[in-house]
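A short worksheet on the structure shown next.
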Amino acid sequence: MQLFDTHTHLDAPQFDEDREQVIARALEAGVTKMINIGFNRETIPTTMKLAETYDYIYAAVGWHPVDAIDMKDGDLEWIASLCSHPKVVAIGEIGLDYYWDTSPKEVQQEVLRKQIGLARELGMPICIHNRDAHEDVVRILREEKANEVGGVMHSFSGSWETAKMCLDLGFHLSFGGPITFKNARVPKEVLEKTPLDRLLIETDSPYLTPHPFRGKRNESGYVKLVAEAAAEIKGIDLQELAEITYANALVRFGIV
Ligand SMILES: [Zn+2]
């Protein structure tokens, strides 16, 4: 069985003590491909380093909405130049975050629009971070014609209504730890209705740790727990769920 963790942060300081072991445990769990996300000035270089060191780690690079206020002249060009690297498979994570009030909404929206524009110019899929901003995210995706490139709604947490609009725009929905939580009614319902050919799985490690490790540090190997929960919700076996989501990720990110 092969699993694909489509969203992880293995360069995070939480892994400084044991990064090698964390990666080894992911491989043991059957995780044979991962996408590490570089989302600001600090994490883009560390993400590129991981992608250059490990065959099975790919990179997404973009500017996170929480850090939107720190984006300077030249940063968009920096991201653009990295997109020609063979291991860079997406622009992200980009989006809107109305929970952490660190960057004004207008600045977040401008930074998002610019990066969708870049993705269209370069023909790259995008990885969308959306926290408490469902309406604006969908509106901007539409206005900026993000359907021309598509991408992933990472750690999708919206309603089925929002999910439907994202699916109509050609996006994939990626689910993580929250689908393993007993009380997570909405994400489970959305997952149940999501077409299998649009489904992806992820950890977002070190965050969003699945049951039964909730409250502890997350790691990429735990994507197996996400896969098990998704298989149960979908009513298919783990092997099939793994195969489908793995193949979806290869196609979505253009990995051969
Ligand atoms: Zn993330």
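The values are calculated or read from the model by the stated rules, or taken from the named source; none is laboratory data. On a predicted model such as this, the values are computed, not experimentally measured, just so you know. Backbone-built Cβ (ideal geometry, glycine too); neighbour counts: all protein chains shown. SASA here: full protein model, heavy atoms, side chains in, ligands and nucleic acids out. Shrake-Rupley method; radii C 1.70, N 1.55, O 1.52, S 1.80 Å.
Worth pointing out:
- Largest first, the residues Lys49, Lys224, Lys182, Lys87 sort by 1.4 Å accessible area into Lys182, Lys49, Lys224, Lys87.
- Shown in residue order for the range 227-240 are the 3J(HN,Hα) couplings computed by the Karplus curve 6.51 cos²θ - 1.76 cosθ + 1.60 at θ = phi - 60°: 4, 4, 5, 5, 4, 5, 5, 7, x, 10, 7, 4, 4, 5 Hz (x for Gly and Pro).
- Centroid-to-centroid separation of the range 1-29 and the range 153-216 [C-alpha atoms, Å]: 20 Å
- Summed residue charge, Cβ within 12 Å of Lys193's Cβ, Lys/Arg positive, Asp/Glu negative: +1
- Neighbourhood charge, 11 Å Cβ-Cβ cut-off, centred on Asp11 and excluding it, Lys, Arg +1 and Asp, Glu -1: 0
- Per residue, the convex hull spanned by the Cα atoms of the range 1-58 amounts to 68 cubic angstrom.
- Table column - 3J(HN,Hα) (Hz), the range 127-138, Karplus curve with 6.51, -1.76, 1.60, x for Gly and Pro: 10, 9, 9, 9, 10, 6, 9, 3, 4, 5, 4, 5
- Amide H contacts of Lys33: Leu3, Asp5, each under 5 Å away and 5 or more positions distant or on a separate chain (H built 1.01 Å from N in the peptide plane; Pro and chain starts excluded).
- Whole-angstrom Cα spans of the range 80-132 along principal axes, big to small: 35, 17, 14
- Between Ser103 and any residue 5 or more places off or on another chain, the built amide H atoms are never under 5 Å apart.
- Table column - 3J(HN,Hα) (Hz), the range 177-194, Karplus curve with 6.51, -1.76, 1.60, x for Gly and Pro: x, x, 6, 8, 7, 4, 8, 8, 5, 5, x, 5, 5, 5, 4, 4, 8, 5
- The base-10 log of I(q)/I(0) for the chain, evaluated at q = 0.10, 0.12, 0.15 Å⁻¹, reads -0.42, -0.63, -1.03 [Debye formula, identical scatterers on Cα atoms, solvent excluded].
- Shape of the range 100-174, Cα gyration tensor, a/c cut at 1.5: oblate
- Residue-averaged [θ]222 nm for the chain, counting only DSSP H segments that reach four residues, each worth -39500 (n - 2.57): -12000 deg cm²/dmol
- Put Asp55, Asp132 in order of accessible area, highest first, and with a 1.4 Å probe you get Asp55, Asp132.
- Accessible surface calculations at 1.4 Å, restricted to protein heavy atoms, place the range 3-252 at 43 Å² per residue.
- Based on every Cα atom in the range 119-228, Rg and the maximum pairwise Cα distance Dmax equal 14.1, 43 Å.
- Between amide H atoms placed 1.01 Å from N, distances below 5 Å from Thr194 occur with no residue 5 or more places distant or on a separate chain.
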